[in-house]
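The values are calculated or read from the model by the stated rules, or taken from the named source; none is laboratory data. A quick note: this is a predicted structure, and the numbers were derived from the prediction, not measured. Cβ atoms come from the backbone with ideal geometry, glycine included; neighbour counts cover every protein chain shown. Accessible surface areas use protein heavy atoms only, side chains included; no ligands, DNA or RNA. Shrake-Rupley method; radii C 1.70, N 1.55, O 1.52, S 1.80 Å.
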Amino acid sequence: MDTPESMRAVRITAHGGPDVLEPAKVPVPVPQKGEVLIRVTAVALNNTDLWTREGAYGRPGDPDALSGWRGPIEFPRIQGADVAGRIAAVGTGVDAGLLGRRVVVDPAIYDAEGPHANPVGLMGSERDGGYAEYVTAPVDRVHDMTASPLTDDQLATLPTAYGTALGMIERGRLREGETALVSGASGGVGLALVQIARARGARVLAVSSGAKTAQVREAGAHATVDRAGDLTGQIRAAAPDGIDVALDVVAGELVADGLPLLREGGRWVVAGALGGHDVTFDVRRLYLHNAQVIGSSMHTPAHFDGLMDLARRGAVRPVVSAVFPLEEAARAQEELARRTHVGKIVMRP
């Protein structure tokens with residue numbers, strides 16, 4: 001399969017606002033041993049794109065330091081963690097029979113081999129990503145989705161949002177019949193949490209804004225509460241026996257206000273800080289009630305394998321809210337930052 005020598009890409013050359021996203025003509029990457037070259041058909045946007053571009057992740061001991069997902073990043077960097085596409089070339093040691101297959105890339109860089117490794121890097125931050133016509137990836141991180149009923153746009157929404165959601169649900173040990181509270185339910189991770197928790201047989205209570213609750217209910221929420229109102233009062237009314245697992249991408253004051261709402265042995269899983277990263281709470285709510293606060297960063301390889309199985313069966317149905325051309329990456333990120341949409345924003349090279 002012939003590939004060109006150069007490609008269109010959008011990259012950042014420094015931390016900053018949307019203006020640092022620069023269209024560029026760059027060489028097509030060459031797949032190394034054990035890698036494949038993927039022609040990108042769709043790339044989804046995530047909050048990680050915004051925060052990596054802004055350098056907003058901070059570093060241990062210096063929360064205000066400019067940083068990518070896991071530390072300083074090398075510029076220029078092509079952003080984009082969530083890629084769907086087709087295999088255009090293979091490196092040495094890779095089966096040429098994979099050429100042309102429709103695939104999704106696991107964007108995580110792991111700390112070890114094996115199914116339970118932890119992510120310590122991310123495509124689009126610690127290595128170049130999919131804001132481009134082509135991207136390389138290790139063949140072990142590429143999943144054949146040729147038979148999936150989902151569109152390429154839908155497949156591209158899965159890796160970070162649905163991978164993060166499934167990681168939260170697995171680490172929170174959510175079981176059938178339990179009550180789950182989902183914060184930020186209209187966003188990409190939030191809708192994924194609603195869908196997967198509902199499919200697992202949990203009762204799902206979702207926090208969203210009034211204008212978006214209908215779509216959140218359509219995604220599978222049994223009940224919704226308006227984040228603009230008396231949040232704890234609404235949650236107590238909707239779940240008078242308490243919450244078993246909170247699946248939280250907001251954090252901030254919600255953690256302190258919500259911990260007393262957990263049942264005995266409840267779990268509060270945090271995978272984001274849209275509401276603020278400085279949190280203060282009464283630790284007695286933990287040790288006197290055997291509760292747990294659990295940090296969850298994306299997924300493990302085993303989690304991602306499970307997610308791909310769900311997608312092959314069409315057991316999840318991602319919501320695509322808008323599609324932009326690659327050249328409008330800055331406008332797409334501005335739309336993401338406004339948070340007026342429901343679901344995921346996708347770009348097509």
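Scanning the range 213-261 for residues that are open to solvent by 20 Å² or more (accessible area, probe 1.4 Å), over 17 Å from ALA185 (Cα atoms) and aliphatic (A, V, I, L, M) yields ALA237, ALA256.
Inside the range 79-108, residues that are assigned to a strand (DSSP E or B), open to solvent by less than 10 Å² (accessible area, probe 1.4 Å) and not aliphatic (A, V, I, L, M) make up a count of 2.
Residues checked against (1) of a type in the set (Gly, Ala, Ser); (2) touching a Leu at 6+ places or on another chain (Cβ under 6 Å); (3) open to solvent by 10 Å² or more (accessible area, probe 1.4 Å); (4) assigned to a loop (DSSP other than H, G, I, E, B):
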| position | (1), (2), (3), (4) |
| --- | --- |
| THR136 | no, yes, yes, no |
| ALA147 | yes, no, yes, yes |
| GLN154 | no, no, yes, no |
| GLU176 | no, no, yes, yes |
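In the condition set (1) part of a loop (DSSP other than H, G, I, E, B); (2) within 20 Å of GLY172 (Cα to Cα); (3) open to solvent by 40 Å² or more (accessible area, probe 1.4 Å), HIS299 is compliant with all but (3).
Consider the range 3-23 and keep the residues that are outside any helix (DSSP H, G or I) and among the aliphatic types (A, V, I, L, M). The one that is surrounded by the fewest Cβ atoms within 10 Å (Cβ to Cβ) is ALA14. Can you tell me which residues in the range 228-263 are closer than 20 Å to ILE196 by Cβ and acidic (Asp, Glu)? If the condition is that a residue be closer than 20 Å to ILE196 by Cβ and acidic (Asp, Glu), then ASP244, ASP248 are the ones that fit. If only residues of the range 24-55 that are within 23 Å of SER321 (Cβ to Cβ) and free of Cβ contacts under 8 Å to residues at least 40 places away in the same chain are counted, the one that is surrounded by the fewest Cβ atoms within 10 Å (Cβ to Cβ) is GLU54. Within the set ALA228, ALA180, ALA185, the sole residue that is part of a loop (DSSP other than H, G, I, E, B) and touching a helix residue (DSSP H, G or I) at 6+ places or on another chain (Cβ under 6 Å) turns out to be ALA185. Candidates ALA315, ALA332: the one that is out of contact with any helix residue (DSSP H, G or I) (no Cβ under 8 Å at 6 or more places or on another chain) and within 22 Å of PRO107 (Cα to Cα) is ALA332.
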